[in-house]
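Asks: To start, I am sharing the structure in question, which I have written as structure tokens.
The values are calculated or read from the model by the stated rules, or taken from the named source; none is laboratory data. These numbers were taken from a predicted model, which means no experiment stands behind them. Here Cβ is always computed from backbone atoms with ideal geometry, including for glycine, and neighbour counts include all displayed protein chains.
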Amino acid sequence: MESEPAMWLRTNCKLSFTVPSPTPFILMLRPRSGAQQWVGRETYTLNPSVPVLEFTDAYGNLCQRLVAPQGEFSIHTSADVMTADTIDVAPGAPFDEVRNLPDGVLTYLLPSRYCESERFFDMASSIVAGVTPGYDQVAAICDWIRREVRFTQESSHVQMAATEINARREGVCRDLAHLGIALCRGLCIPARMVVGYLHGLTPMDLHAWFEAYVGGRWYTFDATQDAPRGGRVTVAYGHDAADVAIFNQFGPALAPHDMQVTVELLEMAST
């Protein structure tokens, strides 16, 4: 852990479905230990219990494959995770020339399904005019989104691309992240989508933000928050929302008829 103090958080997510016929699912609900968080305890309960195969996707996310039986089906995950109470900020951190980027970061420069970055060069250049290249440009983009795009907490099951969000000037956390990512990539700053939990979010739900690669590392940016804020538990990374869905089912479209998310502070800890 790089930041002190740290905090122990207990995350819970329960999804309940009414399944009309046996349906294949891919789930992405398990946080993974890494440089910024440590998973100390975890439970994963399926009701009814079914066989599960787990794999790691191209982004390092832990995914579970299963076939949900016909009828009522629920998934309940819980984890105790140590994470930073604050997030690192680095005003003035420099822009990384593309030729110097690590191989694994290059993919986050490319346009993706919901982040059509090739359409945002002129707009991004205008937003950051006169700003030092690198971290300060990303911060300026976040500030612009906070001012110009209305954050709404009304969940939408319709995924919208950055161009649509820019036209509508409103959206949920996922949408604001898409716009931030597209603007960053338009300036050749690698950016990736993050989905997870945020302690103290109101109303509580799963949350989305983005990370940008400047000064030789990834930094967290969240246009839905007025100030840098820690207490985050990451579940998944990807190019955009298409890569970080907490569940995908194959067959007739299904939405959970009940979804419960909680994040509880267990204790503060020194790292």
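Asks: Name the single residue, out of those in the stretch 43-75 being of a type in the set (G, A, S) and loosely packed, with under 13 Cβ neighbours inside 10 Å, that is nearest to H257 (Cα to Cα).
Replies: The extreme case among them is G71.
Asks: Tell me the strands (runs of 3 or more DSSP E) entirely within the stretch 122-237 that contain at least 1 residues that are among the aliphatic types (A, V, I, L, M) and over 23 Å from V263 (Cβ atoms).
Replies: Output list reads 191-198, 207-214.
Asks: Taking D240 as the residue in question, decide whether it is buried (at least 16 other Cβ atoms within 10 Å of the Cβ), assigned by TED's automatic domain parsing to the domain that holds R147 and charged (D, E, K, R).
Replies: Against the criterion (buried (at least 16 other Cβ atoms within 10 Å of the Cβ), assigned by TED's automatic domain parsing to the domain that holds R147 and charged (D, E, K, R)), D240 does not qualify.
Asks: Looking at T163, T220, can you tell me which residue is surrounded by fewer than 22 Cβ atoms within 10 Å (Cβ to Cβ), under 19 Å from I87 (Cα atoms) and not small (G, A, S)?
Replies: T220
Asks: Another question, if that's okay. Search the stretch 99-121 for residues being part of a loop (DSSP other than H, G, I, E, B) and touching a His at 6+ places or on another chain (Cβ under 8 Å), and hand back the single one that is surrounded by the most Cβ atoms within 10 Å (Cβ to Cβ).
Replies: Y114
Asks: Find the residue count for the stretch 132-160, including only residues that are without any contact (Cβ under 8 Å) to a residue 24 or more places away in the chain, surrounded by fewer than 16 Cβ atoms within 10 Å (Cβ to Cβ) and within 20 Å of F95 (Cα to Cα).
Replies: Matching residues across the stretch 132-160 total 1.
Asks: Okay, moving on. Quick one: in the stretch 219-241, which of the residues that are of a type in the set (D, E, K, R) and at pLDDT below 95 is farthest from S33 (Cα to Cα)?
Replies: So the residue we want is D226.
Asks: Going by the structure shown, is G60 touching a residue at least 40 places away in the same chain (Cβ under 8 Å) and part of a loop (DSSP other than H, G, I, E, B)?
Replies: yes
Asks: Right, another one. Can you spot a residue in the stretch 93-116 that is free of Cβ contacts under 8 Å to residues at least 40 places away in the same chain and touching a Lys or Arg at 6+ places or on another chain (Cβ under 8 Å)?
Replies: Taking every residue of the stretch 93-116 in turn, none turns out to be free of Cβ contacts under 8 Å to residues at least 40 places away in the same chain and touching a Lys or Arg at 6+ places or on another chain (Cβ under 8 Å).
Asks: Any idea which of P91, P51 is closer than 30 Å to W8 by Cβ, assigned to a loop (DSSP other than H, G, I, E, B) and more than 20 Å from the chain's Cα centre (by Cα)?
Replies: Selected residue: P91, the only one of P91, P51 that is closer than 30 Å to W8 by Cβ, assigned to a loop (DSSP other than H, G, I, E, B) and more than 20 Å from the chain's Cα centre (by Cα).
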